[in-house]
1. What whole-number value in cubic angstrom gives the convex hull volume per residue for the C-alpha atoms of the stretch 188-233?
2. Select from Gly13, Gly81, Gly222 the residue whose mean-square fluctuation is largest in a Gaussian network model of the chain (Cα-Cα springs shorter than 10 Å).
3. Which net charge results when you count Lys and Arg as +1 and Asp and Glu as -1 among the other residues whose beta-carbon is under 14 Å from that of Val33?
4. Run through all the Cα pairs of the stretch 104-233 and give the fraction in each 10 Å bin from 0, expressed as whole percent.
5. In terms of modelled amide H atoms, which long-range or inter-chain residues lie less than 5 Å from the amide H of Arg56?
6. Can you give the local net charge around Arg120? Use residues other than it whose beta-carbon is closer than 15 angstrom to its beta-carbon, Lys and Arg +1, Asp and Glu -1.
7. Please give, to one decimal in nm, the separation of the simple spin-label points placed at Gln71 and Arg51, each 7 Å out from Cα toward the Cβ.
8. If each residue of separation counts as 0.36 nm, what is the full-extension length gain between Ser153 and Asp192 once their alpha-carbon separation is subtracted?
Amino acid sequence: MSQQQTRTALVTGGNRGIGFETCRQLAGAGLDVVLAARDAARGRAAAQKLRGPGHRVRAEELDITSAKSVQECAERLAEAGIQIDVLVNNAGVYPTDGFFSLDEDTFSHALDVNLMGAFRTCQAFVPAMGRRGYGRVVNLSSGLGAVTDNIPSPAAYGITKAALNALTLVVSAASAPSVKVNAVCPGWVRTDMGGSGAPTSVEKGADTVTWLATLPDSGPDGGFFRNRRRIAW
């Protein structure tokens, strides 16, 4: 990838888990990476671990539950002359309460992180992708939010991921053809969220994310994928 063709990816929740591994894989694939994290110190520490020959990783403080934080991040990047070509909406929360024990604050927070966070970042970064004629958006969803074969569960997590899937389709339809917007189910992954007993390595969990983030112009748009294969919504 030449200097003229180098793309820049922004990954939310990039300081750990699938987000961190996605940053590592994208940097290894030759992209410049903006590692976005709510905790600025943790973001800087994570970015430092990834920097090396040919790996350009910039840490950015970003709280996706705050429209102001998203806007300020977008402004800082624009002032630095950084254009976001790839947006990976990775940050998320996983409440496990059953529906009748689910309190409103927990549900509202899940909506704010898992749905509204992606809404905010897509509004901030995707329009410019269309104007420049290139963009890739990857929303980290889950098969637990699929409605075709099961009821979304656990309640708050499943509902918000089902809503994120709907957002994926809406953003895909609203965007220019040169912007490919897809959702991914990484599987049950060994991270802080997934736990040590999960069957899928973080490298495998991030693989389809990286694949969707680097799709060729002939690649799919408006789909839901696991292990690089389309799955039902």
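1. 86 Å³
2. Fluctuation is largest for Gly81.
3. Numbers: positive: Arg7, Arg24, Arg44, Lys49, Arg51, Arg56, Arg58, Arg136; negative: Glu21, Asp32, Glu60, Asp85.
Every neighbour counted, the sum reads +4.
4. Calculated over all Cα pairs of the stretch 104-233, the distribution is 13, 42, 36, 9, 0 percent.
5. Residues meeting the amide H criterion: Val33.
6. Summing Lys and Arg as +1 and Asp and Glu as -1 gives -4.
7. 3.1 nm
8. Values: separation 39, 0.36 × 39 = 14.04 nm, distance 1.92 nm.
Separation in residues times 0.36 nm, less the Cα-Cα distance, equals 12.1 nm.
Where a number appears in this text, it was derived from the coordinates with a stated rule and is not lab data. Keep in mind it's a predicted model, so treat the numbers as computed, not measured. As a convention, Cβ positions derive from the backbone with ideal geometry for all residues, glycine included, and neighbour counts pool all protein chains shown.
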